[in-house]
Amino acid sequence: MASEFCVVCGRTDRVLDHGVCPECFVKRERLVWAEGHPIVVVCPTCGARKNGQVWGPPGGNPTLLRADDLTPKLSVHPEVALRRVRWEEGAGDAAQRTFHGDVDVRFRGTERTVGVDMVVRVQGQTCPDCSRRSGHYFTALIQVRGMSERLREPPRPLRERLERSFESILPEMRAEWRKAFSWREERPEGWDYYLSDTQAARAIARFAKRRLAADLKETATLWGRKNGQDVYRVTFRLRVPGAPIARTTAAE
């Protein structure tokens, strides 16, 4: 109606909310903002990010913050839909960074760009997987050996052959299996691979058995008790033949 006008600017050609047009509303109210100083928790070893109590997958540079670290920290007016955010880093140090974002939004049927400044605190915290690796924690062991208990090959060529055979199939394995590897140790008769997940170790050993035509033996040793339950460490011994193995199917 012609009698309806914005009480701030006097315009009559806009949809009003409580007597105020969208342009004047934007000037008086925040559409997008950063609440306080958001915290980003990063593992300094593998680059994994912590969201609440859950750690994400490893990857990325631990010293660089990404859009997916920053954008979820924004607070948004309930009538606003975020379209895109372009972040630019300003001054800062290892513990605190400043960022400016140009935020494309849709508000009450119109598109606009809103500027927002954010000061982010960066906290380094070792994730559980890296903590276990650094502490040499393991629940399972894969022993990669030749076909005989007796050394029928010189130790060094034997280790090199077993290393080539076993590690050539690692890229074919599922990412969650590979994540379970903690460290490895060289032995006169082969290699010992230590893992932090018994189920993943079992899946890796069975896959290696198929791919390498190896013999597989599984044994469990009582390690201790936790919460009133016996805790076992499981050893998977793979005996890998010396002849080249034809390629079969990858892990499903």
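Here T235 fits the description: modelled with pLDDT of 85 or more, closer than 24 Å to R164 by Cβ and more than 27 Å from the chain's Cα centre (by Cα). Between a first residue in the range 109-135 that is at pLDDT below 80 and a second residue that is of a type in the set (S, T, N, Q), which pairs have beta carbons less than 6 Å apart while being 6 or more apart in sequence or on different chains? The qualifying pairs are R132/S196; R133/S182. Only a single item in (1) in contact (Cβ under 8 Å) with a residue 40 or more places away in the chain; (2) assigned to a loop (DSSP other than H, G, I, E, B); (3) not assigned by TED's automatic domain parsing to the domain that holds R49 is not met by L65, and it is number (3). Residue pairs whose Cβ atoms lie under 6 Å apart, separated by 6 or more positions or on different chains, with the first residue in the range 30-48 and in contact (Cβ under 8 Å) with a residue 60 or more places away in the chain and crowded, with 18+ Cβ neighbours inside 10 Å and the second of a type in the set (G, A, S) and in a loop (DSSP other than H, G, I, E, B), are A48/G56. Taking the criterion of being of a type in the set (A, V, I, L, M) and touching a Pro at 6+ places or on another chain (Cβ under 9 Å), the residues of the range 33-73 that qualify are V42, A48, L70. Filter the range 149-177 for residues that are without any contact (Cβ under 8 Å) to a residue 60 or more places away in the chain and not in a helix (DSSP H, G or I); which is surrounded by the fewest Cβ atoms within 10 Å (Cβ to Cβ)? Among residues in the range 149-177 that are without any contact (Cβ under 8 Å) to a residue 60 or more places away in the chain and not in a helix (DSSP H, G or I), the one surrounded by the fewest Cβ atoms within 10 Å (Cβ to Cβ) is R150.
Residue-wise test of (1) farther than 17 Å from C130 by Cβ; (2) surrounded by 17 or more Cβ atoms within 10 Å (Cβ to Cβ).
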site: G60; (1), (2): no, yes
site: L65; (1), (2): yes, yes
site: V85; (1), (2): yes, yes
site: E88; (1), (2): yes, no
site: R106; (1), (2): yes, no
site: V114; (1), (2): yes, yes
site: M118; (1), (2): yes, yes
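Let me confirm something: among A180, A203, A208, which residue is within 15 Å of V240 (Cα to Cα) and in contact (Cβ under 8 Å) with a residue 24 or more places away in the chain? Sole residue among the options that is within 15 Å of V240 (Cα to Cα) and in contact (Cβ under 8 Å) with a residue 24 or more places away in the chain: A208.
The values are calculated or read from the model by the stated rules, or taken from the named source; none is laboratory data. In this text the structure is predicted, and so the values were computed from the model without any measurement. Virtual Cβ from ideal backbone geometry, glycine too; neighbours counted across all protein chains shown.
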